[in-house]
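In what follows, a structure is listed as structure tokens, so that the remarks can point back to it.
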Amino acid sequence: PPLLLGVVNRVKAMVAGRRGPPLWQLYADLWKLLRKGSVYSRTTTWVFRAGPVVGLAAVATAGLLLPVAGRPAPLSFAGDFVLLAYLLGLARFATALAALDTGSSFEGMGAAREVTFASLAEPALFVALVVVARATGSLSLSGMLGPELPAAWGAAAPALLLAAIALFVVALAENARIPVDDPATHLELTMIHEVMVLDHSGPDLAFILYGASLKFFLFGAVLVQLLLGFAAPAPVAALAFVLGLLGFAAAVGLVESVMARLRLTRVPQLLVGASVLSVFGLVLLLR
């Protein structure tokens, strides 16, 4: 997963005419942070220390529910896509709670923005997954993104395409990417996700950074498998999956290169628009 964020940064640098950081920069940052100690404020409690651990554990558990390159997920059952969404919500809740535990109004502002936009992104995510479930006739992610998907594209391509567009918008919002948030900014009036992790250091910050890259990987995996619909031998499916993830990272880098960050008042309109696309896709299936 850290390699994908390296691809995003390299694409942004290439578009801007810069050399940019190496693709493995995040790996080096994680190794450096894991070897350092953590500094804790006297105002924080165990909640602040538990936030990064719970967040990473929740995202990693969500990854166990996701099939990869046509192979079934390690954990699979009917309705597991609901648990996937709620595990990602648990990771966000733990990060926001840790930010509030610092007692800083600055981090509280970021947490308020994060949960506000998340409440608008989650309906788009849920309805998009319901569209895929309805089109494939499966309530498990291993079926929704597995062998039933190619036939679903033949019967309900417009609905699945709308769901894919909505998922891409949700992926940008959930991963704090432009045009919703700028992961590189430290301007007080525009920060959302980054402001919540300003007080973290050492291994705690490493857990947060790796959890963010893993979350980016999960959204990319869902979107890639939805668009490709693997119906090929395992080696071909694995290669297509890897190339698709690299293409997803490159697409995010291009979006961040050609678009500016939206005003905070415009972000809800973008997320509501993603929900509308998902609802339209569901209407096409139910008509």
Conditions (1) within 17 Å of the chain's Cα centre (by Cα); (2) modelled with pLDDT of 85 or more: number failed by PRO183: (2)
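So which of THR44, THR61 ends up being in a loop (DSSP other than H, G, I, E, B), surrounded by fewer than 17 Cβ atoms within 10 Å (Cβ to Cβ) and at negative phi? Spell out the reasoning first.
Values: THR61 fails: in a loop (DSSP other than H, G, I, E, B).
After applying the criteria, what remains is THR44.
Rundown of residues vs (1) open to solvent by 40 Å² or more (accessible area, probe 1.4 Å); (2) farther than 24 Å from SER201 by Cβ; (3) of a type in the set (Gly, Ala, Ser); (4) in contact (Cβ under 8 Å) with a residue 24 or more places away in the chain, yes/no style:
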{"position": "PRO2", "(1), (2), (3), (4)": "no, no, no, yes"}
{"position": "VAL7", "(1), (2), (3), (4)": "no, yes, no, yes"}
{"position": "TRP31", "(1), (2), (3), (4)": "yes, no, no, no"}
{"position": "LEU87", "(1), (2), (3), (4)": "no, yes, no, yes"}
{"position": "ALA94", "(1), (2), (3), (4)": "no, no, yes, yes"}
Of the criteria (1) under 23 Å from LEU120 (Cβ atoms); (2) free of Cβ contacts under 8 Å to residues at least 40 places away in the same chain; (3) part of a helix (DSSP H, G or I), which one PRO235 fails: (1)
Filter result (among the β-branched types (Val, Ile, Thr) and open to solvent by less than 50 Å² (accessible area, probe 1.4 Å)) within the stretch 122-136: VAL127, VAL131, VAL132, THR136
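Specify which of the listed residues (VAL180, VAL222) is of a type in the set (Val, Ile, Thr) and either closer than 25 Å to ALA78 by Cβ or free of Cβ contacts under 8 Å to residues at least 24 places away in the same chain (or both). Give the steps one after another, and end with the answer.
Numbers: VAL180 fails: either closer than 25 Å to ALA78 by Cβ or free of Cβ contacts under 8 Å to residues at least 24 places away in the same chain (or both).
After applying the criteria, what remains is VAL222.
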Residues satisfying the stated conditions in the stretch 67-82, i.e. open to solvent by 40 Å² or more (accessible area, probe 1.4 Å) and under 13 Å from LEU125 (Cβ atoms): VAL82
Selection within the stretch 5-43 - closer than 23 Å to GLY220 by Cα, touching a Ser or Thr at 6+ places or on another chain (Cβ under 6 Å) and β-branched (Val, Ile, Thr): VAL15
From PHE241, PHE219, PHE248, residue being modelled with pLDDT under 95 and of a type in the set (A, V, I, L, M, F, W, C): PHE241
Residue satisfying all of: in the stretch 239-268; more than 19 Å from the chain's Cα centre (by Cα) and closer than 21 Å to LEU125 by Cα; surrounded by the fewest Cβ atoms within 10 Å (Cβ to Cβ) among these: THR265
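Restricting attention to the stretch 101-121, report how many residues are surrounded by fewer than 20 Cβ atoms within 10 Å (Cβ to Cβ) and either within 18 Å of the chain's Cα centre (by Cα) or touching a residue at least 24 places away in the same chain (Cβ under 8 Å) (or both). Give the steps one after another, and end with the answer.
Narrowing the stretch 101-121 to residues surrounded by fewer than 20 Cβ atoms within 10 Å (Cβ to Cβ): 103-106, 108-109, 112, 115-116, 118-120.
From what's left, either within 18 Å of the chain's Cα centre (by Cα) or touching a residue at least 24 places away in the same chain (Cβ under 8 Å) (or both): 103-104, 106, 109, 115-116, 118-120.
Qualifying residue count, the stretch 101-121: 9.
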Among (1) surrounded by fewer than 16 Cβ atoms within 10 Å (Cβ to Cβ); (2) over 28 Å from LEU262 (Cα atoms); (3) in contact (Cβ under 8 Å) with a residue 60 or more places away in the chain; (4) of a type in the set (A, V, I, L, M, F, W, C) - the single one ALA155 does not satisfy: (3)
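The values are calculated or read from the model by the stated rules, or taken from the named source; none is laboratory data. It should be emphasised that the depicted structure is a prediction, and the values quoted were computed from it without experimental measurement. Because the Cβ atoms are built from the backbone with ideal geometry, glycine has one as well, and the counts that use them run over all protein chains shown. Accessible surface areas use protein heavy atoms only, side chains included; no ligands, DNA or RNA. Shrake-Rupley method; radii C 1.70, N 1.55, O 1.52, S 1.80 Å.
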